[in-house]
Amino acid sequence: MDPWLIWLIVAAVLAVAEIFTLTAALGLLSAAALVTAGFAAVGLPLPLQFLAFTIVATVTVVFVRPVALRHVLQPQVERFGVDALVGRAAYVTSEVTGLGGRVRIDGEEWTARAYDETLVIPPGKTVDVMEISGATAIVYPRD
């Protein structure tokens, strides 16, 4: 079997293993094996193939992996779904108490409860959405 084909098989096995582990290290080793397969295909002797693999693997794991992990592990900047509603202003459409009420958030009508259960918020007031609990907005009046 040709050496370039063996390196290609090693690259494929490492790529499949990376899919299951998601560590980024095996993917970079797979890339190093792929580069080495190219060197083997042009006729580089076996000891130099191992040297090429070692150099490419070391460079990618030491320099590329930390950069890749920094980009992957960044916290989510934008909020989506109901999480995006927290902190928004809402308009009270029917009186909101600690037991219930209705507010309009971005054109949608939501059931609501007052953050402070002793509060009674009349219709027409603007409130802030403090949290979303299920399908109910927990709100607090703006002063």
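Computed quantities for the displayed model
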read-out: ARG79 open to solvent by 70 Å² or more (accessible area, probe 1.4 Å), in contact with a strand residue (DSSP E or B) (Cβ under 9 Å, 6 or more places away or on another chain) and either at pLDDT 90 or above or of a type outside the set (Gly, Ala, Ser) (or both); value: no
read-out: Options ALA68, ALA11: the member that is open to solvent by less than 70 Å² (accessible area, probe 1.4 Å) and modelled with pLDDT of 95 or more; value: ALA11
read-out: Selected residue (criterion: most open to solvent (accessible area, probe 1.4 Å)) from residues of segment 82-92 that are of a type in the set (Gly, Ala, Ser) and within 15 Å of SER133 (Cα to Cα); value: GLY87
read-out: Qualifying residue in segment 15-36 (condition: of a type in the set (Val, Ile, Thr), within 30 Å of TYR140 (Cβ to Cβ) and not in a helix (DSSP H, G or I)); value: no
read-out: Residue that is most open to solvent (accessible area, probe 1.4 Å) [pool: residues in segment 105-138 that are in contact with a helix residue (DSSP H, G or I) (Cβ under 9 Å, 6 or more places away or on another chain) and hydrophobic (A, V, I, L, M, F, W, C)]; value: ALA135
read-out: Among the candidates THR60, THR54, residue that is among the hydroxyl-bearing types (Ser, Thr, Tyr), at pLDDT below 95 and surrounded by 11 or more Cβ atoms within 10 Å (Cβ to Cβ); value: THR60
read-out: Considering residues of segment 93-104 that are closer than 12 Å to THR136 by Cβ and assigned to a strand (DSSP E or B) only, the residue most open to solvent (accessible area, probe 1.4 Å); value: ARG102
read-out: Qualifying position, being open to solvent by less than 50 Å² (accessible area, probe 1.4 Å) and in contact (Cβ under 8 Å) with a residue 12 or more places away in the chain, among LEU34, LEU26; value: LEU26
read-out: First in segment 69-86 and in a helix (DSSP H, G or I), second anywhere and open to solvent by less than 60 Å² (accessible area, probe 1.4 Å) and among the aromatic types (Phe, Trp, Tyr), Cβ under 6 Å, 6 or more apart; value: none
read-out: Top-ranked residue in segment 40-49 [being without any contact (Cβ under 8 Å) to a residue 24 or more places away in the chain and touching a helix residue (DSSP H, G or I) at 6+ places or on another chain (Cβ under 8 Å); ranked as least open to solvent (accessible area, probe 1.4 Å)]; value: LEU44
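The values are calculated or read from the model by the stated rules, or taken from the named source; none is laboratory data. Nothing here was measured: the structure is a model prediction, and the numbers come from that model. FYI the Cβ positions are ideal-geometry reconstructions off the backbone, even for glycines, and counts take in every protein chain you see. For the accessible areas, the whole protein counts, side chains as well, though only heavy atoms, and no ligand, DNA or RNA atoms are used. Shrake-Rupley method; radii C 1.70, N 1.55, O 1.52, S 1.80 Å.
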